[in-house]
Structure formats: structure tokens, C-alpha cells
Amino acid sequence: MKKKHDSINQIIFPPAIYNFLKFADEQGVDKTVLDCGAGGKRPPLALFYIHGYKTFGIDISETQIALANDFAARNEIELTIRKADMRRIPFDDEMFGCVFSWNSSIHLTKNDTRIAIGEMLRVLKRGGLLYVNFLWNKGIDMNLGEERNPGEFWRENSIVHSCFFEDEVDQFFEGCDILYKQKKEFMLRRNNRTRNEAYMDYIVKK
């Protein structure tokens, strides 16, 4: 007999999301989670949902929200995703046990990244956990576009990628405990082109 959510268990989510869930479970945080950048056809919030978390998400793209809502409907789960900007998170202070943003805040300018992380920390409960990943300056790909400000690369379609040094990121989390930090670099082949990518993963406790 097919068990409920078997189809979700068969999906391979990003390893960083499993790692964050593991930290959250081990730390015993309040089981409320907010995903900043929650849209898409395989929303990572689903993993938290089937592990007993009350899930909330925001995304700036109606198209990506529609994809996530379609996934939720097909799998009979409730993710509670709404349209909103992570630079102005529409929730009260200290509302969530954990907050995360995977591959979303990398599309903000450096100043907007600082604002967004401030907002994520604002809605995070004391003792709660935050996961964010960043593009690492070691892996800058010149195809990211024109460097208009140090570490900020713009494409013609107005998409920005911000690349950080480690000490820049550490400053975002002053007053928090950095529980986990990992730098990773790899080669990625796409559209018959090989490029270098590098990221930094952070898990911090408020």
C-alpha cells in the first residue's frame, strides 16, 4: 500500500537543505519554518512539511509560486507560500523557529543582501536557526555579467549576482553564533560550457 508522501520522499532535494533540517532537529527549535525564495517546481519546504514543521514561504515571482502550489496540490500538502520580498518580510518579529534562503539571496545586491538577512533575523525566534548560502568570490564566472560595483555582476536582463569574501559574510551575523560554515567549489558543465562555481553555506543561531 502506498504511504502518504512517498512521492516526496523519492525527490532528491539539495544536500544543504537536508543538512539544515538535521541541525534544526538536533537543536530542538520550534517547528515553524520560513523559506525566503520558496517557489519552484520542487519546493524544499516540502521536506520540512513531511517532517512535521508548520511551513511558510515567500517568493517575489508569481510564476514560481504557481509551480510550488501546483506541487503542493498534487502531493496533498500545505506549504502556505505568498508573494512577498525578502527585504520586507511580511511577518511579525520572532515568529519562526527556523528560516532559510537557498540560492535566492544570491540575486540581491550586497546592500540588499544585508537588508534581507536583517529581516530574516528579525522574524527568527531567539535560539532559532537561519541558513543562507552565498556566492564565494573564489568562483567568479565572468559570464555573470558586468561588474558594476565590487562583487556585483549584472546581466542585460537586470539579473544581479553578488559574490562575497568570507569576512564580508561574517559581518552579517554579528551577535549570532555561527554553528556551521562550509566553502565549496566545483566545476559545472551546462550548455556545452564548463564553468567554475563556488559557494559558502552558513547556519547561524540567533
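The values are calculated or read from the model by the stated rules, or taken from the named source; none is laboratory data. As the structure is a computational prediction, the values presented were derived from the model and not from experiment. Glycine gets a Cβ as well: all are built from the backbone with ideal geometry, and neighbour counts include every protein chain shown.
Points worth noting:
- The C-beta contact set for region 4-26 (first residue free of Cβ contacts under 8 Å to residues at least 40 places away in the same chain and closer than 16 Å to Leu179 by Cβ, second residue outside any loop (DSSP other than H, G, I, E, B) and not charged (D, E, K, R), distance under 8 angstrom, 6+ apart or interchain) comprises Tyr18/Leu47; Leu21/Leu47; Leu21/Phe48.
- Restricting attention to region 56-91, the residues that are within 20 Å of Leu124 (Cβ to Cβ), over 14 Å from the mean Cα position of the chain (by Cα) and without any contact (Cβ under 8 Å) to a residue 40 or more places away in the chain add up to 5.
- Helices (runs of 4 or more DSSP H) (entirely within region 1-50) containing at least 3 residues that are modelled with pLDDT of 95 or more and either buried (at least 16 other Cβ atoms within 10 Å of the Cβ) or of a type outside the set (Phe, Trp, Tyr) (or both): 15-27, 45-50
- Scanning region 126-151 for residues that are surrounded by fewer than 20 Cβ atoms within 10 Å (Cβ to Cβ), on the phi < 0 side of the Ramachandran plot and in contact with a Ser or Thr (Cβ under 8 Å, 6 or more places away or on another chain) turns up just one, Asn149.
- Restricting region 53-72 to residues that are polar (S, T, N, Q) and either out of contact with any strand residue (DSSP E or B) (no Cβ under 7 Å at 6 or more places or on another chain) or outside any strand (DSSP E or B) (or both), the residue that is surrounded by the most Cβ atoms within 10 Å (Cβ to Cβ): Gln64
- Taken over region 69-84, the residue count meeting the criterion of being modelled with pLDDT of 95 or more and of a type in the set (Asp, Glu) is 1.
- Where a residue in region 92-103 is surrounded by 16 or more Cβ atoms within 10 Å (Cβ to Cβ) and its partner, wherever it lies, is of a type in the set (Lys, Arg), with Cβ under 7 Å and at least six apart: Glu94/Lys125; Glu94/Arg126; Phe96/Lys125; Gly97/Lys31; Gly97/Lys125
This table checks each residue for (1) closer than 21 Å to Glu26 by Cβ; (2) at pLDDT 95 or above; (3) in contact with a helix residue (DSSP H, G or I) (Cβ under 6 Å, 6 or more places away or on another chain).
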site: Gly57; (1), (2), (3): no, yes, yes
site: Glu62; (1), (2), (3): no, yes, no
site: Met86; (1), (2), (3): no, yes, yes
site: Asp92; (1), (2), (3): no, yes, no
site: Gly118; (1), (2), (3): no, yes, no
site: Leu124; (1), (2), (3): yes, yes, no
site: Gly127; (1), (2), (3): yes, yes, no
site: Gly139; (1), (2), (3): no, no, no
